[in-house]
Amino acid sequence: MKSSSLLLLSFLMGVCEVQGASDFRVCAFNLQHFGDSKVKKSNVMQTLVKIIARCDVCLLQEVRDNKGRALPQLLESIDRYDTQHQYKAVASERLGRSDSYQEQYVFVYRADTVTLIDKYQYPDDRPGDVDAFSREPFVVHFKAPRTAIKDFVLIPQHTTPTNTTKELDALYDVLQHMRKMWKTENVMLLGDFNADCGYLAKKNKKNVRLYTDKDLFWLIQENTDTTVRSTTSCTYDRIVVHGERFASAVVPSSAKPFNFQLEYELTEEQALEVSDHYPVEVLLKADMSRSSLNGGSWNQKPSLFKFFVWFILSHHFFRMLS
């Protein structure tokens, strides 16, 4: 009896983790050299899958899938883990100045909550400043009808640590280019900016237009550690939104790193096998006018579901004690 009850408890808690959230979650995660070697580590893959399946849209960085096998395996694993959603991915070409070291930007997203409208590989050939980026932004435009913002553009960037100041400033030009090209103000910039701990000196911030433009809101607070190692405390990974309309569509205080080491009870050594970065995330507000339709079904179901699950959990817990 106790054995079967424990199995039921484990199953319900897993389902609850997938079903629980009603707000829309956007994440950015530096996977630290994701390729065949990581896919072969089942414990690492299990953790990666759980992390990514929390997000409606998740930007993956440092994807080094040279043979094109690791990403499909990751998507298959996510689909097996979370049967409530269908996941898709859109990836950039391999980017980098050196043929021996290249990365891809990859967006993994829930096809039932967002639709990919467009994608664009920024060419990085501006007159007078050719090749400003080591890894040019791969920009995507999503439609998300369940959110208050409705649609948004994501501009990813993984800066080179030795060139952080220049790349972050050049990212401002990408922002302006995309606003004009796609005629939208709903733009989010996100990724491993290396925007701390010596790579971006405080005195240099005045030279970075992403910092000086008052229409840009940096959501991950300074002095927030986004690194896994206990010996470091750096705010490398960031999320920035353009305009007050987008800022008002963000759930207050929801932008933060996700400490998967603490959440999944890993040792530091185990966590570092996954990545040396924590993912950063932010919640977008739900469209309340949509939630009021049909009795508010889509927005209320998660809360009712969680209540039902925890009722069953409590019932079985007390039966096990008796």
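Structural remarks
- Checking every one of the GluC sites (Glu not before Pro) in region 253-292 against DSSP loop status and a limit of 15 other Cβ atoms within 10 Å picks out E265.
- Exceeding the 32 Å Cα-Cα cut-off - candidates K50/K202; K183/K206; K50/K150; K40/K202; K150/K202; K40/K150: K50/K202; K40/K202; K150/K202; K40/K150
- Each of N43, A144, S77 was placed along the dipole of region 23-285 (beta-carbon charges, centred on the mean Cα), and the one lying farthest toward the positive end is A144.
- Between the alpha-carbon centres of region 229-293 and region 16-87 there is a gap of 15 Å.
Read the figures in this text as sums done on the coordinates, not as results from a lab. None of the values given here were measured: they were computed from a predicted structure. No Cβ is skipped: glycine too gets one built from the backbone with ideal geometry, and neighbour counts run over all protein chains shown.
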